[in-house]
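Notes follow once the structure below has been shown.
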Amino acid sequence: MADLGAMLAPDLRKRIEIMADHIARNGSDFETTVKQKNASNPQFSFLYSGEGAEYYQQVQGAPPVELADVLRRWKEPQVLALTPEVERQLHGVLASLEHMASRDAIKSGRLWIECNSALAPHIAGHIMVRVSFLSTCAHRLHVLYLVHDLLQTEAARKDAHAPLVRAFKPYLPWILRPCYQLALQSPQGDETSRVLRLVQLWVDRGILSAQEAQAPYRVYVLRFSTEHPHPGSSNT
């Protein structure tokens, strides 16, 4: 069968694939909800016989993603313990982004992580856990902007070792997943494109390879439920 998505824009193709996987996992009621919230949103015109509708139907009839292979390559990383004081400081950093991702708040958060760079894998793991418990799409996006600022700042330094990028990279798909899932249900409709845009920027700036950028899409649309520990719990 011909690939009906071959000629579609990459963002549209990914949006269609993600939507189809969400519906397969959550049922037709999820599609109805998205339709109701995005009736006038051109990004979801494929739900209404618009561009990409044929590919959408093709994807819905495709066999399930090979979960075993995806899970083998992109296992959910371990959450390493932080001291109570560092946890408290991290909570303050994330709380400062609840209502606004101001330049000062983003910079302050980035500098705090840079000052604690020896704990970067620990911090990344706790961000992965905490972002799933943030109640609004905006708050989750603001945390993503902090992560983006951290990564692009280090990438701009042309540091061959890139310790912060290396520390955060295993956690990126799992940080992206809850951000995209909540954005998909937002009535504004443009939050999903913001998440995808960040991934593309990471490719453009050499933070992720094009191949690595495909992994987050596979991870955050997997047809299974991942149980995260509550903030404050950790594995060692």
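Please tell me the relative contact order of the stretch 10-63 in percent, rounded to the nearest whole number, where contacts are Cα pairs under 8 Å and at least six residues apart.
Relative contact order comes out at 42 percent.
Compute the Cα gyration tensor for the stretch 10-63, then decide on rounded, prolate or oblate, letting a ≥ b ≥ c be the square roots of its eigenvalues: rounded whenever a/c is under 1.5, prolate when a/b is larger than b/c in the other cases, and oblate in all that remain. Mind showing how you got there, number by number?
Details: a/c = 1.72, a/b = 1.07, b/c = 1.60.
Oblate shape, in that a/c is at least 1.5 and b/c is the bigger or equal ratio.
Can you return the lysines within cross-link range of Lys35? Criterion is Cα-Cα under 19 Å, with same-chain partners fewer than 8 residues away left out.
Cα-Cα hits under 19 Å: Lys14.
Looking at the square roots a ≥ b ≥ c of the eigenvalues of the Cα gyration tensor of the stretch 129-189, which shape do they give, rounded for a/c under 1.5, prolate if a/b is larger than b/c, or oblate? Kindly include the intermediate steps, with their values, before the conclusion.
Values: a/c = 3.00, a/b = 2.20, b/c = 1.36.
It is prolate, given that a/c is not under 1.5 and a/b is the larger ratio.
Taking R0 as 35 Å, what FRET efficiency do you get between His99 and Ala53 from their Cβ-Cβ distance, rounded to the nearest 0.05?
E between His99 and Ala53, to the nearest 0.05, is 0.40.
Among the lysines, select those whose C-alpha is under 18 Å from the C-alpha of Lys158, and discard any that sit fewer than 8 residues away in the same chain.
Reachable lysines: Lys169.
What's the extension gain from Gln36 to Ser193 if we count 0.36 nm per residue and subtract their Cα-Cα distance?
Details: separation 157, 0.36 × 157 = 56.52 nm, distance 1.87 nm.
My answer for the length gained is 54.7 nm.
Read-outs throughout are calculated quantities, based only on the coordinates presented, and are distinct from any laboratory measurement. Remember, it's a predicted structure, so these values are computed and weren't measured experimentally. Ideal geometry is used to build each Cβ from the backbone, glycine not excepted, and the neighbour counts take in all protein chains shown.
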